[in-house]
Amino acid sequence: MNSLVRRSAQQLNLWRTYCVKHNAPEAASPGRNAGKPNYEEFIGRHQRRAQCSIVVQVSSEKSYAELYNYCSSFGSILGAHHYCVRQDETLHYILLEYATPSEAAAAIGAGVTNGELSGVPVRSPFLWFRAAGGGKRSPKLVPNPAPTLLSLDGTRLADQGHLLGLLRGAADIEEQVLQLHEHTRLNELGVRMRFLAALQVQQAIAGMFPAAQAQPFGSSVNGFGRMGCDLDLILRFDNDMGAKSSLEEAVPSRLVYHTKENLSNGRSQTQRHMECFGDMLHLFLPGVCHVRRILQARVPIIKYHHEHLDLEVDLSMSNLTGFYMSELLYMFGEMDPRVRPLTFTIRRWAQTCGLTNPSPGRWISNFSLTCLVMFFLQQLRQPILPTIGALTKAAESGDSRVTEDGINCTFTRNVDRLGFRSRNQSSLSELLLQFFEFYSQFDFHNRAISLNEGKPLSKPDHSAMYIVNPLEQLLNVSKNVSLEECERLRIEVRNAAWVLESEVENASVPEADGQELSWGLLNLFKHPEKAVIRPNMFFKPRMVEVSDLFEQKEAGATSSSTAPT
Ligand code: CTP
Ligand code: MG
């Protein structure tokens, strides 16, 4: 294998070019993060953009000029995106972004109720643009030309045939990994649509709960989300988001809110409240449909579909550790530009060999798989990521975060304080191969994976796979994984190492001889007729053809609950 781990200047340049393209200062100095928004800034910026935005259903993108003309009377429109949702028919929407939240609020405030429908009138950023005629307001003439309408698909996957073509036509495996990431990750519009869904919930309850915050977490915001990923949303009432003024700290108010006393225990109270919110969302919020209450889960959630955004949402009211875990993953992804493309490739590979599955069960989840990748990058001889323990040690007073249930989520939010600089120069294809080799040797039977320590620990119980939950260290993130699935993972990583080794050794890209050209990642994703069946392979993996794979809607695993387990 050593012969494969050869550094090529060309590969190094490729990822450096990638860093520059993605505005990653690591290009010059790996491990440094200067100038990039931290997680809270990233979240804050998107929350503000959501407050400046409205989504208007139109009959087609041809309505844009008229819509722009009309809506410019409420403020200056900075940008516009067109997207489609396909139900029985194709529905068209235009997301308009105003310069300020008050302009968007003016547009929303000018909306009227559809008199033909009997529903309770609700104000929300989701509107539709009716034909001219009945309107009393005469639109101002707009002196400036409308900004270009960007037609982006914020809901669906990139065209799979196109992606397949890109992977076939790439120069090497390195480029395949980068292309895969670039064309499957959640795009800017997808992120913005998710923040709008969050804002809708928050605004709906703001009258009674002005301090409530609906905050996205999970793959929608941690930078590991693919197009079509679900939105994990937490409804927070803890009001610890804004720093208190020094006066408030020094002189606590003598006026205390009367609060309704609840006699039941915390969990059943949360379940009851969620039931109530579930009804409210179901009955009143435009776009919300197929509401399901999963209240018996460790962390109760409400699931729903948003039909104007074509989005699945999991709403919880507890589990703040999941929110801070997303911050940790976001930071890891920002620290080195190889982290996300590598993780995307491994998640895609796991999907193709049926290791992950969209429905929850005894298989490994995308989140656990991501933890495996992070751990692999920590334990390298030249680590690419620091341990979480190191992040905790570097925390300052402003980094202190303790959840309502007393779980300490304190770690530094400024990675520059660590002084961590990775000297690892491995290419993405080398790392991919090393990942497969590492886990084909890993002693899952006796060892647990600890991202806090960055090294394996003795396994505290008999779970088939043990990944210490970084923020609740008595819990196992992969408790759900069965012995059979863990063994299957070991077999699949071994096969993948074998396939990739021959692909890397055979480094020259085959000449294109028509559509059937398959090499590099395509062979890794092609399940595994060509791979050698190892002697101890007792489980027959699901067979997936590359062509099938690229026809399916991507179905990464999502666990039913975002609960720490
Ligand atoms: N989470 C956690 N502990 C778990 C499961 C989830 O802390 N045992 C947190 C993680 O921050 C995770 C988030 O909850 O990112 C959402 O979980 P989930 O939706 O299962 O995973 P995602 O990372 O969002 O991935 P996917 O795209 O598959 O939804
Ligand atoms: Mg998710």
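List of remarks:
- Among S151, S359, the ranking by other beta carbons within 10 Å of each residue's beta carbon, starting with the fewest, stands as S359, S151.
- For region 366-421: rounded, prolate or oblate by the Cα gyration tensor [a/c cutoff 1.5]: oblate
- Spatially, region 355-375 and region 32-73 are offset by 32 Å when compared through their Cα centroids.
- R381 versus E66: modelled label distance in nm, points set 7 Å from Cα along the beta carbon direction: 6.8
- Extension gain, L483 back to R86 (0.36 nm per residue minus Cα-Cα distance, nm): 138.9 nm
- Theoretical FRET efficiency, 1/(1+(r/R0)^6), r = Cβ-Cβ of A297 and I108, R0 35 Å, to 0.05: 0.55
- Sites Q269 and S73 - FRET efficiency at Förster radius 60 Å, r taken between beta-carbons, to 0.05: 0.80
- The peptide list 484-491, 92-99, 191-198, 400-407, put in order of mean Cβ contacts within 10 Å with the highest first, becomes 191-198, 92-99, 484-491, 400-407.
- Simple Cβ-charge dipole of region 323-438, Lys/Arg +1 and Asp/Glu -1, about Cα centre, in debye nearest 20: 300
- Fewest-first sequence of C84, C353, C229 by Cβ atoms within 10 Å of each Cβ: C84, C229, C353
- Here L451, L255, L474 are placed in order of increasing Cβ neighbour count within 10 Å, fewest first, which gives L255, L474, L451.
- Each label was represented as a point 7 Å from its Cα along the Cα-to-Cβ direction; for R254 and R48 these points are 3.8 nm apart.
- R362/H445 FRET efficiency (R0 22 Å; Cβ-Cβ; nearest 0.05): 0.80
Quick note: the coordinates plus some simple rules give every number you see, no bench work behind them. All values derive from a computational prediction rather than experimental measurement. Because the Cβ atoms are built from the backbone with ideal geometry, glycine has one as well, and the counts that use them run over all protein chains shown.
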